[in-house]
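Please treat every number below as a calculation from the coordinates, not as lab data. Small disclaimer: the values here were computed from a predicted structure and weren't measured. Heads up, the Cβs are rebuilt from the backbone with ideal geometry, glycines too, and the neighbour counts pull from every protein chain shown.
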Amino acid sequence: DAGVIQSPRHEVTEMGQEVTLRCKPISGHDYLFWYRQTMMRGLELLIYFNNNVPIDDSGMPEDRFSAKMPNASFSTLKIQPSEPRDSAVYFCASSRQGRNYGYTFGSGTRLTVV
Amino acid sequence: DAKTTQPNSMESNEEEPVHLPCNHSTISGTDYIHWYRQLPSQGPEYVIHGLTSNVNNRMASLAIAEDRKSSTLILHRATLRDAAVYYCILRDVNPNAGKSTFGDGTTLTVKP
């Protein structure tokens with residue numbers, strides 16, 4: 001199993017541009033989570049999906065952020081327009097449903113908005 | 001969301017055991033205790049989890065207090081590769097019941 005795959009690993013963009021982060025969860029996992037990590041705020045849960053349906057997006061900072069999961073093997077997190085304060089490492093994680101499973105995280109996308 | 005409290009940092013000598021504490025006094029009956037660690041420049045990595053009984057796996061042991069208000073992650077022989085940030089979180093058996101919140105974790109330094 002290749003694990004949770006995120007792309008790109010690094011993204012540098014100018015303020016105002018649209019940014020799309022991608023995630024491929026582990027096959028068979030029912031849950032997908034998007035986290036953001038900064039020095040100031042630590043790991044923050046932005047949104048999570050169950051069977052491709054968004055369950056809780058209360059962590060999405062504002063309307064500039066949107067996430068989709070069109071099928072069980074792909075999810076995107078989009079920021080439009082991007083701002084310097086969005087600079088962070090964005091992690092995707094997936095999990096099976098049930099008591100015996102933890103999260104598996106991807107390697108993250110380091111986003112820098114200049 | 002039920003919260004956890006961990007010391008900001010701990011130090012250990014290589015080859016010695018390490019006990020990383022976590023307080024979760026507001027834990028509910030359906031919350032599992034999960035531990036993750038994050039090595040530099042990597043995503044968090046699952047370590048171990050449990051509900052009521054102590055748990056062992058190849059990475060670590062988890063000791064859970066009888067009242068479940070605290071737990072301890074035990075690394076039996078710390079190595080330099082165990083230097084990381086360790087997070088203790090609570091996860092409801094029904095994930096749709098609420099979010100798991102990562103706190104600041106404990107930064108473990110292992111000295112040779």
**OP:** Please build a GNM for chain A, connecting alpha carbons under 10 Å apart, and tell me which residue among A:Arg41, A:Arg64, A:Arg85 fluctuates the most.
**Re:** A:Arg41
Subject >> Virtual spin-label span in nm between A:Arg41 and A:Glu83, 7 Å along Cα→Cβ >> reply: 1.0 nm
Subject >> Two-site label geometry, B:Ile74 and B:Lys111: point separation in nm, points 7 Å out along Cα→Cβ >> reply: 2.4 nm
Original post:
Label points 7 Å out from Cα along the Cβ direction at A:Arg110 and B:Asn8: separation in nm?
Top reply: 2.4 nm
**OP:** Quick one: grab Rg to one decimal and Dmax as a whole number for chain A, Cα atoms only, in Å.
**Re:** 13.4, 43
**OP:** Using a Gaussian network model of chain A whose springs link C-alpha atoms within less than 10 Å, name the residue from A:Ser87, A:Ser27, A:Ser58 with the highest mean-square fluctuation.
**Re:** A:Ser58
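Quote the FRET efficiency, to the nearest 0.05, computed for B:Gln42 versus B:Glu15 with a Förster distance R0 of 35 Å and r equal to the Cβ-Cβ distance.
Working: r = 24 Å, r/R0 = 0.67.
FRET efficiency, B:Gln42 to B:Glu15: 0.90.
Count charges around B:Ile74 for me, please; just the other residues with Cβ under 15 Å from its Cβ, Lys/Arg as +1, Asp/Glu as -1.
Details: positive: B:Arg37, B:Arg58, B:Arg77; negative: B:Glu15, B:Glu16, B:Asp82.
Value of the local net charge: 0.
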**OP:** Could you please tell me the mean projected area of the C-alpha convex hull for the protein assembly as shown, averaged over all directions and given in square nanometres to one decimal?
**Re:** 12.1 nm²
Subject >> Theoretical gain in end-to-end length, A:Ser73 to A:Arg22 [0.36 nm per residue, Cα-Cα removed] >> reply: 17.3 nm
Original post:
Cβ under 15 Å from B:Glu16's Cβ, B:Glu16 left aside: what net charge do those residues give with Lys, Arg +1 and Asp, Glu -1?
Top reply: -1
**OP:** Between B:Val55, B:Val18, B:Val47, find the one with the highest GNM mean-square fluctuation for chain B; connect C-alpha pairs within less than 10 Å.
**Re:** B:Val55
Original post:
Relative contact order (percent) for the range A:30-80, with alpha-carbon contacts under 8 angstrom and 6 or more residues of separation?
Top reply: 26 percent
Original post:
Using the Kirkwood formula over every pair of different C-alpha atoms, what hydrodynamic radius in Å results for chain B?
Top reply: 14.1 Å
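Count the net charge of all other residues whose Cβ sits under 14 Å from the Cβ of A:Ser75, scoring Lys and Arg as +1 and Asp and Glu as -1.
With Lys, Arg at +1 and Asp, Glu at -1, the neighbours total +2.
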